[in-house]
Amino acid sequence: MLSGMKHPTFLRAWQKLARTTLCLGGFVAFTAQVHAVNLTLWTTNITMPENRTFQMPITASDPDGQPLKFVAKVSSKSVTAAFATNSNPSLLINVSGVDATNGPFTGNLVLQLFKDLTPLTTARIIDLVNSNFYDGLIFHRVIKGFVAQAGGATNDSNFKSGVTFDDEYVKTLTYIGFGQLGMANRDIPMNGGTNILHDSNDSQFFITDVDLSITNPTNASPQSLNFEQPIFGQLTSGFDVLAEIMTTSVDTFNNDKPFTNVVMNSVTVITNSQDAVLRLTPALNFHGKVTVTISATNAESEFATKTLEVNVVTNKTTSPPFMGPIPSEITVTQNVAATFLLTTTDIDGAQTGFELRDLDLTPVGFPTNVFVTYNTKTKLASFSPNLTLTGAVKLLLFAFDSTHSPDSQIFTFTFLPWSPTPTMTVVPLKGSMMDSAKPLGDRISVSGTFSFNGGSDQTFGSNDVLELTLGDPGNPLTLEIPANNHESRLSKGVYTGRARGVQSGFSSNITVSAQISISNVTHTNGTFKILASNFNFPVPLTNQMLQVGIALGNDYGSDTRSWGQTKPGIFVLPVP
């Protein structure tokens, strides 16, 4: 070995021995081993509501920076414990400011980002961090017992990146803890004077205070923020730094802005193998106390343990519902339905409903040119345009319960126009139309052939809206069977169910059976058979040209010819 150098293996062994021995003069006395791993809990007692998940921060360190392995053992099976994945990245925020005594401070906040639960939000924040967006910005709003909000510029608390993104809610992320990282959002004015708060996340975020609890009447956990401001992370170390931020003097007449700037000197993304987040979930309707023993162990089997007392109590706060993700933009062809999965979650089990608004209307109202259906079993929402609708339709969808503000999402449908020339030729071969004097006593029975022309997609699928135009060509009966309607069904080329009359004032319970059979050989032609009842024609039929028109999604065609009247009110096709 070269002089002045120690072999790495020997050095490691020497360092470990130094931690377990004590020199007294010329003698060496062996003592009990001192744990190299440090483990800290900001609090050793928490109270959490039933049917919720608590995000418990664990602060730990190894003197050599070795990755730590965390284990949690619960005294009862009534509460489960699981750690957030160790692959979650963390934010390291170096902060400077002035505390309550006007003493300057500098320190680090370390916050684990919940990439495993909120990947879209995490990705956007990481993009901003990597572009150095936050460096030099301030905590522009500090409210003791509530939050410290960051991401504003020195002279503009409305400072933002200019790119908004949707809320990303998770049912296990609620504001029942402390040091929780959430997105700040803002009202967006809509047409007609409507403001919405949701899906307006930009760059500003906040961290809840360190001394919060659901049982603290002075500093209660802000559960009113549940599913209003998305949670996407948790403070894991730097609680003393956050406590100093929360004590800084603020101007209560200027939106609680600190008199002395609390500056984020630098914000970086790190891999944090020292801290952890423990997720505690009680069994359904469990109440009571359990003990959780938490240990952190390094690669040399050195460890530290701490004990956490958990009290699960009756939940006294309800939360609003939230929708699952939906597409922000959908483009289809004219007369083709746009369909997506529409789900809602209410963690309290309350009954929820949906409302829809057309933002292109003044004032904002229910859409008049799109027929909407929702299948409660499949959770499919279908938006069927009327026959002539083209262009973009901007819609606002609400999910609500009876006691909270609704969750809302904006999305846009674009309906591209179909070919300017018909893409189907319809030839009725036999049939009859009955014009009865009885209310809802009219009937139609007609069958024939059709063929596709150039420009047709030569298909008929579950998203194609079926439009029928029957009777007087000047004022025909127009029927529509919306796609994916829970009252209608497409099976083996047969569309059956209840159609709606497009004209106002008509029964919505028109019974229709429309058999559409496409050749399996050429896919260019097929047959149809239409039966309809329980309606009245818009105008009485006379011995004249009568129309049979069919539109299968973006394919359409019609046939108009003379029908003969065999007896009063009954018209039949002439024998070919």
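The values are calculated or read from the model by the stated rules, or taken from the named source; none is laboratory data. Please read these numbers as outputs of a predicted model, since none were measured by experiment. As a convention, Cβ positions derive from the backbone with ideal geometry for all residues, glycine included, and neighbour counts pool all protein chains shown.
What the table below lists for this structure:
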read-out: Matching residues in the range 100-122 - criterion: being closer than 25 Å to Pro258 by Cβ, in contact with a strand residue (DSSP E or B) (Cβ under 7 Å, 6 or more places away or on another chain) and β-branched (Val, Ile, Thr); value: Thr106, Val110
read-out: Hey, Asn285 more than 30 Å from Thr343 (Cβ to Cβ) and not assigned by TED's automatic domain parsing to the domain that holds Asp348 or not; value: no
read-out: Some residue of the range 323-340 being without any contact (Cβ under 8 Å) to a residue 60 or more places away in the chain and within 26 Å of Leu552 (Cα to Cα); value: yes
read-out: Number of positions in the range 253-276 that are closer than 25 Å to Asn201 by Cα and out of contact with any strand residue (DSSP E or B) (no Cβ under 9 Å at 6 or more places or on another chain); value: 1
read-out: Extreme residue, farthest from Ser517 (Cα to Cα), among residues of the range 549-572 that are assigned to a strand (DSSP E or B) and in contact with a Ser or Thr (Cβ under 7 Å, 6 or more places away or on another chain); value: Ile570
read-out: All positions within the range 52-63 that are surrounded by 14 or more Cβ atoms within 10 Å (Cβ to Cβ) and either modelled with pLDDT under 95 or under 21 Å from Asn298 (Cα atoms) (or both); value: Met56, Pro57, Ile58, Thr59, Ala60, Ser61, Asp62
read-out: When residues of the range 126-143 are limited to those that are charged (D, E, K, R) and out of contact with any Asp or Glu (no Cβ under 9 Å at 6 or more places or on another chain), the one farthest from Thr271 (Cα to Cα); value: Asp135
read-out: Number of the condition not met by Arg489 [criteria: (1) closer than 30 Å to Gln565 by Cα; (2) out of contact with any Phe, Trp or Tyr (no Cβ under 6 Å at 6 or more places or on another chain); (3) modelled with pLDDT under 90]; value: (1)
read-out: Subset tally (residues that are hydrophobic (A, V, I, L, M, F, W, C) and surrounded by fewer than 18 Cβ atoms within 10 Å (Cβ to Cβ)) for the range 388-428; value: 4
read-out: Number of the condition not met by Gly461 [criteria: (1) out of contact with any Phe, Trp or Tyr (no Cβ under 9 Å at 6 or more places or on another chain); (2) under 19 Å from Val521 (Cα atoms); (3) modelled with pLDDT of 90 or more]; value: (3)
read-out: Only listed residue being acidic (Asp, Glu) and more than 28 Å from the chain's Cα centre (by Cα), chosen from Asp346, Asp360, Asp435, Asp401; value: Asp435
read-out: Flag for Thr154 being crowded, with 22+ Cβ neighbours inside 10 Å, among the β-branched types (Val, Ile, Thr) and in the same structural domain as Thr172 (by TED's automatic domain parsing); value: no
read-out: Condition met for Gly441 (touching a strand residue (DSSP E or B) at 6+ places or on another chain (Cβ under 9 Å) and outside the structural domain of Asp346 (by TED's automatic domain parsing)); value: yes
read-out: Any hit, the range 253-267, residues being surrounded by fewer than 16 Cβ atoms within 10 Å (Cβ to Cβ), in contact (Cβ under 8 Å) with a residue 24 or more places away in the chain and assigned to a strand (DSSP E or B); value: yes
read-out: Within the range 280-301, considering residues that are in contact (Cβ under 8 Å) with a residue 24 or more places away in the chain and not in a strand (DSSP E or B), the one surrounded by the fewest Cβ atoms within 10 Å (Cβ to Cβ); value: Leu284
read-out: Flag for Ser295 being modelled with pLDDT of 95 or more, outside the structural domain of Leu128 (by TED's automatic domain parsing) and among the small types (Gly, Ala, Ser); value: yes
read-out: Of residues in the range 82-108 being of a type in the set (A, V, I, L, M) and within 30 Å of Ala283 (Cα to Cα), the one surrounded by the most Cβ atoms within 10 Å (Cβ to Cβ); value: Ala84
read-out: Verdict on Ser445 being small (Gly, Ala, Ser), buried (at least 16 other Cβ atoms within 10 Å of the Cβ) and at pLDDT 95 or above; value: yes
read-out: Check on Val332, at pLDDT below 90 and either under 18 Å from the mean Cα position of the chain (by Cα) or part of a strand (DSSP E or B) (or both); value: no
read-out: Residues of the range 144-168 satisfying the condition of being at pLDDT 85 or above, in contact with a strand residue (DSSP E or B) (Cβ under 6 Å, 6 or more places away or on another chain) and of a type in the set (A, V, I, L, M, F, W, C); value: Val147, Ala148, Ala150, Phe165
read-out: When residues of the range 373-387 are limited to those that are buried (at least 17 other Cβ atoms within 10 Å of the Cβ) and without any contact (Cβ under 8 Å) to a residue 60 or more places away in the chain, the one nearest to Thr333 (Cα to Cα); value: Phe383
read-out: Residues of the range 46-95 classified as of a type outside the set (A, V, I, L, M, F, W, C), part of a loop (DSSP other than H, G, I, E, B) and under 20 Å from Leu181 (Cβ atoms), total; value: 7
read-out: Single unsatisfied condition, Leu173 versus (1) over 18 Å from the mean Cα position of the chain (by Cα); (2) modelled with pLDDT of 90 or more; value: (1)
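The rows are residues; the columns are (1) within 23 Å of the chain's Cα centre (by Cα); (2) among the aliphatic types (A, V, I, L, M); (3) over 21 Å from Val210 (Cα atoms).
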site	(1), (2), (3)
Ala82	no, yes, yes
Asn86	no, no, yes
Leu92	no, yes, no
Gly97	no, no, no
Leu109	no, yes, no
